[in-house]
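Below is one structure, written out as structure tokens; the observations come after it.
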Amino acid sequence: MRDMSDRKNEYQNKGVEILAVNAFEDNQQAKDWIASADLPYTWAFANDEQAETLGVKSVPTQIILDTDGKVLWTSSMISLFGGADEIYAQLDNAL
């Protein structure tokens, strides 16, 4: 997540918005952690049903949507599938 913070400006200048969705844990605990971690992007809080609708089965899950909300790419546990470089490659492909 820190790596996404480091790249936020690079992708924001390309029209990308980073939205982190917290799921499967107590919202207040998550809000306390987010405040202490100083992660500079937008956060949403999903209940289990909403997470399921988004296709989130485990965390972390990364989802790339186009401007119409169409899913372009998704991956769970990205560290097993190429690490952060994979999500940046997918973002570049989407742009």
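Tabulated results
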read-out	value
Choice from W43, W73, W33 with maximal GNM fluctuation in the chain (Cα, 10 Å cutoff)	W33
Within the accessible area of the chain (1.4 Å probe), percent carbon and sulfur	49
Within a Gaussian network of the chain (alpha carbon springs, distance under 10 Å), most fluctuating of A84, A35, A46	A35
Cβ-derived FRET efficiency at R0 35 Å, N47 paired with K14, nearest 0.05	0.65
Local electrostatic count, D66, Cβ distance below 15 Å [Lys/Arg +1, Asp/Glu -1]	-1
Cα radius of gyration and Dmax for the chain (Å)	13.3, 36
Listed residues T74, T67 arranged by accessible area, highest first, probe 1.4 Å	T67, T74
Rough spin-label spacing in nm, given labels placed 7 Å along Cα→Cβ, for A94 and E25	2.3
Residue of S58, S76, S36 that the Gaussian network model of the chain assigns the largest fluctuation, springs spanning Cα pairs under 10 Å	S36
Rounded to the nearest 10 Å², the accessible area of D48 at probe 1.4 Å	100
Solvent exposure of the chain as accessible area per residue, Å², 1.4 Å probe	69
Long-range HN-HN contacts of W73 with modeled amide H, under 5 Å	I64
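The values are calculated or read from the model by the stated rules, or taken from the named source; none is laboratory data. Owing to the predicted nature of the structure, the values given are computational and were not obtained by experimental measurement. Virtual Cβ from ideal backbone geometry, glycine too; neighbours counted across all protein chains shown. Accessible surface is based on the protein model in full, side chains and every heavy atom, while ligands, DNA and RNA are left aside. Shrake-Rupley method; radii C 1.70, N 1.55, O 1.52, S 1.80 Å.
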